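Let me begin by presenting the structure, written as structure tokens, before commenting on it.
Derivation of every value follows stated rules applied to the coordinates shown; laboratory data play no part. The model shown is predicted, which means the values in this text are computed figures rather than measured ones. Cβ coordinates were reconstructed from backbone atoms using ideal geometry, including for glycine residues, and neighbour counts include every protein chain displayed.
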Amino acid sequence: MASPELFARHEKNPLLDVHNMPFETSGVYNPGVAEVDGKVMLLLRVEDRQGLSHLVPAFSDDGVNNWQVRPQPLMAAGAHAHRYEQFGCEDPRLTRVDELDCWVIAYTAYSPVGAAVMLARTHDFRSVERLGMALSPNNKDAALFPRRVRGKWALLHRPMAGDLQHIWVAYSEDLVHWGQHECVLPERGGPWWDGVKVGAGTVPIETPEGWLIVYHGVKMLGGNAIYRLGLALLDLEEPHRVIRRHPGWVFNPREDYERFGERGNIVFTCGALVRDDKLWMYYGAADVCVALAIADFSTLLQVAASRDVDPVPWP
């Protein structure tokens, strides 16, 4: 079953690359996104020439043009006080939490002991309070739900157990201690577009139909990994229960800036904004640049919630 062409790439893609940076870098990609003081802010993953990743804010009035990139990272790799970030801070997902009146940053800390899920919070993206390690190595692709579910916080994550890399959810009462883990979306195996591994993409978006997530899936073809994006709906009060999982990918590496780079054939999102019934999805392309694709949100939700296709059974 062919997936519809739901997303339209912006004509000014790529929006940001190494030429927009006020410092030397080898790649700019996988940003988290938030609206801050009337501006669109991207928290960029910037890889320096040593190979270390830093999180750097960039601001735009319209979300497309005239990006103002801060000359210093919000969160930098290698700080002595944060040894689990020795190799870098990666792939941030930004959740606005009204109850706490702040944004919570879920990110991957990379160090000699592996990749771990970390949480931090900020009121202004000028300073951050690190909440510490939420989930120990090896784990990544974390995204916090924007409200409590049945009195507890919920966090998507992707532990690595040998060759198995599924999307899980964990629950917490205080954003520090996490447990009650449940498998949400398993990799599907075989020839599926998301057969090798899956991971969270955007922060879950609450809708009347359920929590909408755009997630990434990987297929190996000729020894090369292809990263694509798909859709799933999770139950509003039991997000470990999948309501619908769209069978086909909805966004695929197609343009040259998505197919050729540090690693080719990658589209990878960490965040999106709902603006005037449009989903503005910012994504990293080929691990070198940042691009934007826009979808009609109502249509996207209709496709995700379609009853024409039975949900994929939990194996």
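Observations on the structure shown:
- Rounded to the nearest 20 debye, the dipole magnitude of segment 246-297 is 80 debye, with +1 charges on Lys and Arg beta carbons, -1 on Asp and Glu beta carbons, and the Cα centre as origin.
- Whole-angstrom gap from segment 29-82 to segment 227-275, using each part's C-alpha centre: 21
- Taking the number of Cβ atoms within 10 Å of each Cβ as an exposure proxy, the fewest-first ranking of Tyr283, Tyr215, Tyr29 is Tyr215, Tyr29, Tyr283.
- Cut-off under 5 Å, modelled amide H: who pairs with Ala134 long-range: Val117, Met118, Leu119
- Note on segment 1-104: Rg/Rh from Cα positions, Kirkwood definition for Rh, rounded to two decimals, is 1.02.
- Candidates Tyr107, Tyr282, Tyr257, ranked by Gaussian network fluctuation over the chain, Cα under 10 Å, top entry: Tyr257
- Taking His216, His177 and counting other C-beta atoms within 10 Å, the order from fewest to most: His177, His216
- Calculated from backbone phi, Karplus (6.51, -1.76, 1.60) coupling profile of segment 100-110 in Hz, x at Gly/Pro: 9, 6, 7, 9, 9, 9, 9, 8, 9, 9, 10
- Residues Ser111, Ser127, arranged from fewest to most other Cβ atoms within 10 angstrom of their Cβ, appear as Ser127, Ser111.
- 5 angstrom amide H check on Gly63, placed H, neighbours 5+ away: Val40
- Magnitude of the charge dipole for segment 7-304, about its Cα centre and with charges confined to Cβ atoms of Lys, Arg (+1) and Asp, Glu (-1), is about 520 debye.
- Cα shape, segment 233-304, gyration tensor, a/c 1.5 rule: prolate
- Rg then Dmax, both in Å and based on the Cα atoms of segment 175-315: 15.2, 43.
- For segment 249-262, putting each phi into the Karplus relation 6.51 cos²θ - 1.76 cosθ + 1.60 with θ = phi - 60° gives couplings of 5, 10, 8, 9, x, 9, 7, 4, 6, 9, 9, 10, x, 4 Hz, in residue order, rounded to whole numbers and with x for Gly and Pro.
- Distance-filtered residues of segment 267-310 - backbone nitrogen under 15 Å, label point 7 angstrom along Glu209 Cα→Cβ: 277-279, 295-310
- Over the residues of the chain, the helix contribution to mean residue ellipticity at 222 nm works out to -1000 deg cm²/dmol, using -39500 (n - 2.57) for each DSSP H run of at least 4.
- Unit charges on C-beta of K, R, D, E only; dipole of segment 210-279, Debye: 240
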